[in-house]
Amino acid sequence: MPVISRKPTSPGSRGMVLLDFSDITKKQPEKSLTIRLKKAGGRNNTGRITVAHRGGGAKKIYRMINFKRQPEEVLTIEAIEYDPNRSANIALVTDSSGRKSYILASAKMKLGQKITSGEGIFKDGSQVKLMDLPTATLIHNIEVKPGVGGQLCRSAGAYASFLGLDGRYAIIKLPSGET
């Protein structure tokens, strides 16, 4: 998502940057992939107010993200959406049987693009095993243990660098500099 910088018209707006939502293609979320986050309103499990002055606000809708993709499936990107619950954009994808799901969108994803999971040609947004990647590849949404789902580098602009393999372990340089 590009960033727009504006000319400051007051001291408070100096250094201000705004997000450019030109790559967002859909305004409303897919209703079947959302749940409503329930509010507590400052009440505990018995319904009594334990924290004063809580309540009101806008309704929150959580978009369910698929962090565990099935192996050997081909997904088509239907839309790229804004998610207020995270800093990264999300992509609405459909598989060959027509099931829809949300995944984390990478910066270069386009509408209609086909992405794969499992073995195959490595393209931006595809899910592949680390042993199939060339060294010095930038990666995001990394699983720590196979089958658990993505846990590392899920934020917008966060990525790790794949440095190579050491036996059956991968060497990855994280954004913090830790290897």
Quiz item: Glu178 versus Arg99, label points 7 Å from Cα toward the beta carbon: distance in nm?
Solution: 3.3
Practice problem: Report the longest stretch of the chain that contains none of the GluC sites (Glu not before Pro) sitting in a DSSP loop with at most 10 other Cβ atoms within 10 Å. | Solution: 73-177
Quiz item: Along the Cα-to-Cβ line of Lys60, 7 Å from the Cα, sits a label point; which residues in segment 1-45 have backbone N less than 13 Å from it?
Solution: 35-42
Exercise. Return the distance in nm (one decimal) between the two label points of a simple spin-label model at Thr9 and Arg86, each offset 7 Å from Cα along Cα→Cβ.
Key: 3.6
Quiz prompt | Stretch gain in nm, segment Leu111-Thr137, where the contour uses 0.36 nm per residue and the Cα spacing is subtracted | solution = 7.0 nm
Quiz item: Order of His140, His53 from fewest to most other C-beta atoms within 10 Å?
Solution: His53, His140
Quiz item: Straight-line reach from Lys59: which lysines have Cα under 17 Å away, leaving out those fewer than 8 places along the same chain?
Solution: Lys27, Lys31, Lys38, Lys39
Quiz item: Hey, fewest Cβ within 10 Å first, where do Tyr82, Tyr169 land in order?
Solution: Tyr169, Tyr82
Quiz item: If you rank Val17, Val128, Val74 by fewest surrounding Cβ atoms within 10 Å, what's the result?
Solution: Val17, Val74, Val128
Quiz item: What per residue convex hull volume, in Å³, comes out for the chain when only alpha-carbon positions are used?
Solution: 204
Self-check item: aspartates and glutamates whose Cα lies under 13 Å from that of Lys129, excluding same-chain neighbours fewer than 8 positions away
Solution: Glu72, Glu119, Glu143
Quiz item: Length gain on complete extension for the stretch Ile49 to Ala158, per 0.36 nm per residue less the alpha carbon to alpha carbon distance?
Solution: 35.3 nm
Quiz prompt | Reachable aspartates and glutamates from Lys7, criterion Cα separation under 19 angstrom, eight or more residues apart if same chain | solution = Asp20
Quiz item: By how many nm would the segment from Ile171 to Ala40 grow when fully extended, if each residue of separation counts as 0.36 nm and the alpha-carbon distance is taken off?
Solution: 42.9 nm
Quiz item: Hey, quick one: spin label on Ile24, modelled 7 Å out along Cα-Cβ, who in segment 84-122 has an amide N within reach, i.e. under 11 Å?
Solution: 84-85, 89-90
Quiz item: What is the Cα radius of gyration of segment 21-81 over 2.2 N^0.38 Å, N being its residue count?
Solution: 1.70
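Rule-based calculations on the coordinates, nothing more; no lab input. What you are looking at is a predicted structure, and each value in this text was computed from that prediction instead of being measured. Ideal geometry is used to build each Cβ from the backbone, glycine not excepted, and the neighbour counts take in all protein chains shown.
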